[in-house]
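Reading through the structure tokens given below for one structure.
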Amino acid sequence: WSDSNAEFTPFRIGYQLVLGACNVYCNAHDAKAAISQGRPQLTLKLILASASPRRKELLQQLEIRFQQKTVAIDETPYESELPKEYVTRMAHQKAEAAWAKWGKPDRLILSSDTTVVIDNKILGKPSGYDDFRTMMQSLSGRQHQVLTSVVVKSDTETKSVLSETHVYFCGLTD
């Protein structure tokens, strides 16, 4: 795979957002020390609004304490909604839903959404093996995009970022 801008991989974006949140929400001395050590220590309670084992693993690698909670939202794309708009809306809706359930002044919500796009068409989660096989065949030997939107929400502000990664699949055989 190749990233359109290596500085802005989804992992790097999440890391930068957490560091930024640390800068904003920690006292200045703690933030500078945490950033210089590469391990931000948030004074706020961080809630990862995601069921993703990969997102959980990424935060654990950063040695950040957090709680993982899930929210249920309708993930149906709007008619004629563009993929970037869709993935951004999903991440924001997850953050808003999590804030409605667990938001308090001492909390920080981190949410994210990722979608695969080919020919400007959003590929949802496969409904079964046959759907999975069809998707893999459509990606075979072609380039597609992986869009990831990350949102950090507090009681006073919401920050978000979008990453677009271009991925080339080798040709697959049956």
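Here are the numbers for the structure shown:
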{"read-out": "Residues of the stretch 137-155 satisfying the condition of being open to solvent by less than 30 Å² (accessible area, probe 1.4 Å) and outside any loop (DSSP other than H, G, I, E, B)", "value": "Leu139, His144, Leu147, Thr148, Ser149, Val150, Val151, Val152, Lys153"}
{"read-out": "Positions within the stretch 93-115 being closer than 17 Å to Phe169 by Cβ and either in contact with a Lys or Arg (Cβ under 7 Å, 6 or more places away or on another chain) or free of Cβ contacts under 8 Å to residues at least 40 places away in the same chain (or both), in sequence order", "value": "Thr115"}
{"read-out": "Residue match in the stretch 50-72 (condition: among the small types (Gly, Ala, Ser), under 19 Å from Ala95 (Cβ atoms), open to solvent by 80 Å² or more (accessible area, probe 1.4 Å) and modelled with pLDDT of 85 or more)", "value": "yes"}
{"read-out": "Selection within the stretch 118-135 - outside any helix (DSSP H, G or I) and charged (D, E, K, R)", "value": "Asp119, Lys121, Lys125"}
{"read-out": "Hey, Glu75 assigned to a loop (DSSP other than H, G, I, E, B) and modelled with pLDDT of 80 or more or not", "value": "yes"}
{"read-out": "Qualifying residues in the stretch 157-174 (those that are part of a strand (DSSP E or B) and more than 25 Å from Lys94 (Cα to Cα)) - the one most open to solvent (accessible area, probe 1.4 Å)", "value": "Tyr168"}
{"read-out": "Out of Ile109, Ile118, sole residue that is touching a helix residue (DSSP H, G or I) at 6+ places or on another chain (Cβ under 8 Å), closer than 22 Å to Ala49 by Cβ, at pLDDT 90 or above and among the hydrophobic types (A, V, I, L, M, F, W, C)", "value": "Ile109"}
{"read-out": "Considering residues of the stretch 80-111 that are farther than 13 Å from Lys45 by Cβ and of a type in the set (Gly, Ala, Ser) only, the residue most open to solvent (accessible area, probe 1.4 Å)", "value": "Ser80"}
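The values are calculated or read from the model by the stated rules, or taken from the named source; none is laboratory data. Treat the numbers as computed from the prediction; the structure is a model and nothing was measured. Using ideal geometry, Cβ is built from the backbone for each residue, glycine included, and neighbour counts are taken over all protein chains shown. The accessibility values were calculated without ligands, DNA or RNA, using every heavy atom of the protein model including side chains. Shrake-Rupley method; radii C 1.70, N 1.55, O 1.52, S 1.80 Å.
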